[in-house]
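J.: Structure below; questions to follow.
The values are calculated or read from the model by the stated rules, or taken from the named source; none is laboratory data. Here the structure is a predicted model, which means the values were calculated and not measured. Cβ placement follows ideal geometry from the backbone for every residue including glycine, while neighbour counts extend to all protein chains displayed. Surface accessibility is based on the protein's heavy atoms, side chains included, excluding ligands, DNA and RNA. Shrake-Rupley method; radii C 1.70, N 1.55, O 1.52, S 1.80 Å.
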Amino acid sequence: MGKKRSKIRLLIQALFAALSNGYIKGFAHGKIFKGSTKYLCVPGLNCYSCPGALGSCPIGALQATLNSREYKIALYVIGFLVVVGTVLGRFVCGFLCPFGLVQDLLFKIPFIKKIRTLPGEKFLRYFRFVILAIFVILLPMVIVDFTGLGDPWFCKYICPAGTLEGGIPLVLLNESMRSAIGFLYKWKIAILIFTVLVSIIIYRPFCRYICPLGAIYGVFNKVSIYRYHIDSEKCTECGACQKNCKLNIKVYKNPNSIDCIRCGECKDICPNKAIK
């Protein structure tokens with residue numbers, strides 16, 4: 001059952017990534033799709049500037065509209081995040097996020113020794129909330145130009161998903177953009193390379209420590225319609241679920257942890273079928 005579920009999850013991830021980035025002409029001509037669907041957000045972290053992107057990343061959209069005078073679009077994005085979080089929680093991270101798929105595939109690459117946790121893991125996992133507060137909310141609202149607009153700080157200076165999905169394809173496909181390459185592009189490439197290398201060694205490091213979208217959805221895990229329940233009459237607290245969890249979550253104690261991406265591997269390994 002475990003291998004079957006893993007294959008099904010991988011298939012769903014791949015299909016949703018293809019659906020989110022289905023504008024084939026964009027890849028052929030090195031241009032960004034500007035159709036009406038770009039006004040709509042997709043649930044996962046998917047770069048607006050990807051040549052194939054048919055929708056907007058909610059984090060990018062939030063940064064771009066937080067300092068809007070009328071706040072209409074910002075309220076739409078916030079409402080979207082609340083609705084998706086209330087229904088699915090971090091199920092989005094496990095099944096519907098293209099960059100989550102990238103990290104899953106990278107972790108499958110063999111390495112001498114995989115690292116389960118880092119020193120200070122408990123505190124590192126809250127760092128994504130710092131990223132959310134400072135780079136997604138505070139800086140775009142406070143630091144603005146003469147027109148009253150702020151930079152999308154997270155997208156511009158941090159997000160490796162944007163570099164992979166948007167930055168690299170556009171530079172490769174669009175000759176005019178190659179001449180504009182400078183320090184910022186090299187900085188983003190360095191962040192991407194570091195993320196890729198670390199993702200081979202430790203499971204989903206970007207999701208664990210950096211991703212502001214995962215931070216938002218994680219808050220909803222305990223109240224979302226899709227959530228886990230432990231049957232206390234069946235659970236013996238044997239710890240099998242934690243051992244099988246790549247994120248090292250004590251599922252028997254906290255089945256709806258803010259870190260859980262709903263991959264379902266804990267359910268598959270439970271000898272007493274206590275996780276529903």
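J.: How are the Cα pair distances of segment 1-66 distributed, in percent, across 5 Å bins from 0?
T.: Final binned percentages: 4, 19, 22, 20, 13, 10, 7, 4, 1.
J.: Okay, moving on. List, in the order given, every pair from 113/253; 7/122; 113/267; 7/243; 122/243 whose Cα-Cα distance in the structure shown is over 22 Å.
T.: Check vs 22 Å cut-off fails for 113/253; 7/122; 113/267.
J.: For an R0 of 22 angstrom, estimate the FRET efficiency from the Cβ-Cβ distance between residue 10 and residue 186 and round to the nearest 0.05. Walk me through the numbers before you get to the answer.
T.: Details: r = 33 Å, r/R0 = 1.48.
Efficiency, rounded to the nearest 0.05: 0.10.
J.: So for segment 32-92, what are the equivalent ellipsoid semi-axes in whole Å, largest first, each being the square root of 5 times an eigenvalue of the Cα gyration tensor?
T.: Values for segment 32-92, descending: 18, 17, 9 Å.
J.: Still on this model: Using 5 Å bins from zero, what percent of all Cα-Cα pairs in segment 229-276 falls into each bin?
T.: Percent of pairs per bin, in order: 5, 27, 40, 21, 6, 0.
J.: Which of the peptides 33-44, 164-175 is most tightly packed, and how do the rest follow, going by the mean number of other Cβ atoms within 10 Å of each residue? Could the numbers behind the result be given before it?
T.: On the way: 33-44: 16.3, 164-175: 18.4.
For the peptides 33-44, 164-175, the packing ranking is 164-175, 33-44.
J.: How large is the convex hull of the Cα atoms of segment 83-157 per residue, expressed in Å³ as a whole number?
T.: Once divided by residue count, the hull of segment 83-157 is 155 Å³.
J.: Quick check: pseudo-label points 7 Å beyond the Cα along Cα→Cβ at residue 39 and residue 233, how many nm apart are they?
T.: Between residue 39 and residue 233, the label points sit 5.3 nm apart.
J.: Also: For the chain, take the longest principal axis of its alpha carbons; what is the angle in degrees between that and the long axis of helix 2-20, to the nearest 10 within 0 to 90?
T.: Roughly 20 degrees, rounded to the nearest 10.
J.: Related question: Please find the FRET efficiency linking residue 197 to residue 173, where r is the Cβ-Cβ separation and R0 is fixed at 25 Å, and quote it to the nearest 0.05.
T.: So the FRET efficiency works out to roughly 0.50.
J.: Measuring from the lowest to the highest alpha carbon on each principal axis, how far does segment 1-152 reach, largest first, in angstroms?
T.: Principal-axis extents of segment 1-152 (Cα, largest first): 53, 43, 31 Å.
J.: Now, a different point. Going by average Cβ density within 10 Å per residue, which order do the peptides 52-64, 236-248 take, highest to lowest?
T.: 52-64, 236-248
J.: Continuing with this model, one more query. How far is helix 72-88 tilted off the main Cα axis of the chain, in degrees rounded to 10, range 0 to 90?
T.: On a 0 to 90 degree scale, this one is about 20.
J.: Follow-up question, since we're still on this one. Which value in Å is the Kirkwood Rh of the chain over different Cα pairs? Could you put the intermediate results ahead of the total?
T.: On the way: mean 1/r = 0.0508 Å⁻¹.
So the Kirkwood estimate lands at 19.7 Å.
J.: Here is a further query. What does the accessible area per residue of the chain come to in Å², with a 1.4 Å probe and no ligands, DNA or RNA counted?
T.: 53
J.: Over segment 230-274, what is the relative contact order in whole percent, taking alpha-carbon pairs under 8 Å and six or more residues apart? All intermediate terms of the calculation are to be shown ahead of the outcome.
T.: Details: 46 pairs, mean separation 21.0, N = 45.
Computed value for segment 230-274: 47 percent relative contact order.
J.: Please list the non-local residues whose amide H lies under 5 Å from the amide H of residue 56, H modeled 1.01 Å from N, same-chain partners needing a gap of 5 or more.
T.: 40, 41, 42
J.: Beta carbons within 10 angstrom, averaged per residue: use that to sort the peptides 217-223, 25-31, highest first.
T.: Ranking the peptides 217-223, 25-31 by packing returns 217-223, 25-31.
J.: Also: Roughly what angle does helix 98-107 make with the longest principal axis of the chain, taking Cα atoms, 0 to 90 degrees, to the nearest 10?
T.: In the chain, helix 98-107 runs at an angle near 60 degrees to the longest axis.
J.: Provide, for q = 0.11, 0.16, 0.17, 0.25 Å⁻¹, the log10 of I(q)/I(0) from a solvent-free Debye sum over equal Cα point scatterers in segment 192-276.
T.: Reported log10 I(q)/I(0), two decimals: -0.33, -0.65, -0.72, -1.20.
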